Amino acid sequence: MTTALEKEKAVAAPTTGDGRRGSHALRWWVLAVLGVAQLMVVLDATVVNIALPAAQADLHFSNGDRQWVVTGYALAFGSLLLLGGRLSDLFGRRTTFIVGLIGFAGASAIGGAAGSFEVLVGARVAQGVFGALLAPAALSLLTVTFTEPKERAKAFGIFGAIAGAGGALGLLLGGALTEWASWRWVMYVNLVFAAVALVGAVMLLAKHTATQRPKLDLPGTLSVSAALFAIVYGFSKAETDGWANSTTLSFLIGGVVLLAVFVWLETRVAHPLLPLRVILDRTRAASYLTVFSIGIGMFAMFLFLTYYMQQSLGFSPIMTGVAFLPMVAGMVVSSTTVPSLLVPRVGPRVTVVTGFLLAALGMALLTRIGVDTAYASHILPSLILMGVGLGTAMSTAFIGATSGVEHEDAGVASAMVNTSQQVGGSIGTALLSTLAATALGNYVSDHGASPAALAEAAVQSYTTAFWWAAAIFVVGAVVTGLIMPNKVPVPSEGEPVLAH
């Protein structure tokens with residue numbers, strides 16, 4: 001059913017001998033454009049972190065206010081992703097993608113020029129809003145561009161590698177820009193990414209025409225946006241104020257209640273924001289859970305391993321970013337080879353479970369670190385294992401998350417991937433930060449507060465977080481193994497998206 005949905009005014013890519021579309025040479029340029037946009041959005045989740053101290057010194061805001069530069073982006077992005085995905089289904093993926101690019105670039109320019117804390121936070125919120133338009137449109141464009149199984153696996157592997165490795169690359173880029181230029185270039189660099197992607201989008205992506213007036217599920221939109229906002233905010237409050245704080249509990253409980261209301265509404269409205277058929281499919285449901293679980297462990301690992309390398313080992317921001325590159329390499333290699341080589345032979349369930357277990361082993365090996373252990377012996381092997389494992393699981397989940405989806409649901413199905421990763425990251429950062437802080441406090445109370453004890457307490461807090469992250473990966477492997485069918489995902493319904 002493609003009635004009110006976008007009808008691309010395009011020349012369809014030539015078909016292959018068996019009638020498949022997607023063999024047009026320009027489709028790989030489309031992947032490059034979408035990859036640049038995805039990298040920009042993912043980078044912004046971490047690239048600001050290393051630049052925060054410099055921005056704080058320049059704009060004179062407090063340590064308590066500092067978190068809002070990160071949280072403001074996460075709140076807007078996480079709470080509006082499903083709406084962004086549905087808008088791309090209703091108004092056209094090309095239009096939504098371009099609007100998201102222009103808006104993200106404009107917000108980045110304002111943030112880079114910010115003369116006050118309030119303007120910087122406002123710009124970060126605006127980045128989150130336009131990122132919520134951009135990210136689902138990019139993945140759904142990829143979904144309907146590549147329908148031939150082998151090419152689809154390769155394309156999604158590359159896209160998954162970008163989504164997974166972008167956080168680590170953000171740490172490297174943030175450190176380099178802050179040290180060699182200014183913290184403001186952490187924002188300005190998005191103008192370069194956006195300009196490249198915008199030129200490509202205008203030249204390569206087809207325009208669309210709508211045959212009837214789009215309809216939007218307003219009750220569903222309001223309820224799920226409020227629910228996701230409350231959950232992300234609640235976990236951010238838990239990180240700073242504790243789990244027993246009344247505000248924390250109110251937002252978390254309220255978010256869960258609103259999610260239940262949203263599900264109830266989606267069974268009764270004529271044009272649901274998130275048709276339940278999208279998440280009731282076992283392959284897609286397991287894929288979303290995979291991305292969610294990876295988000296919990298991966299973002300927390302970036303946080304605590306960054307602390308360890310900078311504060312315990314004395315690495316500079318740039319050296320910290322470089323230290324993550326072996327993990328990035330592992331993710332790129334596994335993401336670009338596993339979907340096409342392994343999934344057709346052993347099935348997605350075996351592939352994802354294997355990826356989870358490799359990542360869990362890598363995380364467990366990180367618990368061997370000490371106050372002055374060597375990078376090559378105690379960190380490097382773990383990063384390589386996690387890179388291979390997370391790339392294996394993430395790229396396979398990206399394929400499964402949009403498999404067999406109807407054309408009119410491609411945008412919202414894609415949004416569920418980003419929502420799962422964003423909410424998982426928020427939960428992981430808050431949960432593991434709390435557990436790490438508790439471990440640090442317990443060690444200090446038992447061993448005193450001498451400099452040596454404090455250094456050891458910091459390491460104990462990191463290893464506690466790593467053990468919990470490893471356990472989360474193991475649970476992810478078990479749950480995915482129980483839910484996901486071990487059959488190769490069926491491509492979604494393809495639509496021509498290339499311009500003349």
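The values are calculated or read from the model by the stated rules, or taken from the named source; none is laboratory data. In this text, all values refer to a predicted model and were calculated from it rather than measured experimentally. Cβ placement follows ideal geometry from the backbone for every residue including glycine, while neighbour counts extend to all protein chains displayed. Areas reflect the complete protein model, heavy atoms only, side chains present, ligands, DNA and RNA absent. Shrake-Rupley method; radii C 1.70, N 1.55, O 1.52, S 1.80 Å.
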Task: Within the accessible area of the chain (1.4 Å probe), percent carbon and sulfur - done: 69
Open item on the list: Quick check: pseudo-label points 7 Å beyond the Cα along Cα→Cβ at Val202 and Ala452, how many nm apart are they?
Closed with: 6.5
Task: Estimated distance in nm for a label pair at Arg282 and Trp180, the labels positioned 7 Å out from Cα along Cα-to-Cβ - done: 5.1
Task: Under Karplus coefficients 6.51, -1.76 and 1.60, residue-wise ³J(HN,Hα) of segment 452-463 in Hz, glycine/proline x - done: 5, 5, 5, 5, 5, 5, 4, 5, 4, 5, 5, 5
Task: Gly92 long-range amide H proximity, modeled H, under 5 Å - done: Glu6
Task: Helical mean residue ellipticity (222 nm; -39500 (n - 2.57) per DSSP H run of 4+; nearest 500) of the chain - done: -26000 deg cm²/dmol
- [ ] Could you go through segment 284-292 in sequence order and give the Karplus-derived ³J(HN,Hα) for each residue, using 6.51 cos²θ - 1.76 cosθ + 1.60 with θ = phi - 60°, rounded to whole Hz, and x for Gly and Pro?
- [x] 5, 4, 5, 5, 5, 5, 4, 5, 4
Task: Placed amide H near Leu205: partners under 5 Å, 5+ positions off or other chain - done: Ala499
TODO: Would you mind checking which residues have amide H under 5 Å from Ala113's amide H? H placed 1.01 Å from N; only 5 or more apart, or other chain.
DONE: none
Task: Size descriptor, Kirkwood hydrodynamic radius, that averages inverse alpha-carbon separations across the chain, Å - done: 22.7
- [ ] Could you grab the Rg to Rh ratio for segment 107-169? Cα atoms only, Kirkwood for Rh.
- [x] 1.17
Task: Whole-angstrom Cα spans of segment 207-325 along principal axes, big to small - done: 59, 45, 29
Task: Residue among Ser403, Ser433, Gln421 farthest towards the positive dipole end of the chain, charges placed on Cβ - done: Ser403
- [ ] Return one number: the angle in degrees, 0 to 90 and rounded to the nearest 10, between the long axis of the Cα atoms of helix 246-266 and the longest principal axis of the Cα atoms of the chain.
- [x] 20
Task: Whole-Hz couplings from phi, Karplus 6.51/-1.76/1.60, listed for segment 34-50; x for Gly and Pro - done: 5, x, 4, 5, 4, 4, 4, 5, 5, 4, 5, 6, 10, 4, 6, 4, 5
TODO: Take Asp241, Asp89 and sort them by solvent-accessible surface of the protein heavy atoms, 1.4 Å probe, largest at the top.
DONE: Asp241, Asp89
Task: Qualifying trypsin sites (Lys or Arg not before Pro) for segment 209-318 [loop in DSSP, other Cβ within 10 Å: at most 10] - done: Arg268
- [ ] Report the extension gain between Trp243 and Ala113 in nm, rounded to one decimal, defined as 0.36 nm multiplied by the number of residues separating them, less their alpha carbon distance.
- [x] 43.2 nm
Open item on the list: Could you work out how much longer the chain between Thr373 and Thr438 gets when fully extended? Use 0.36 nm per residue separation minus the Cα distance between them, nm to one decimal.
Closed with: 21.1 nm
Task: At R0 = 35 Å, FRET efficiency that the Cβ-Cβ distance of Trp264 and Gln67 yields, to 0.05 - done: 0.55
Open item on the list: Using the basic label-point model (7 angstrom from Cα toward the beta carbon), what is the Val478 to Leu222 distance in nanometres?
Closed with: 4.1
Open item on the list: As a test of reading the structure, rank Ser377, Ser79 by solvent-accessible area (1.4 Å probe, protein chains only), most first.
Closed with: Ser377, Ser79
Open item on the list: Keeping every protein chain present and rolling a 1.4 Å probe, give me the accessible area per residue for the chain in Å².
Closed with: 37
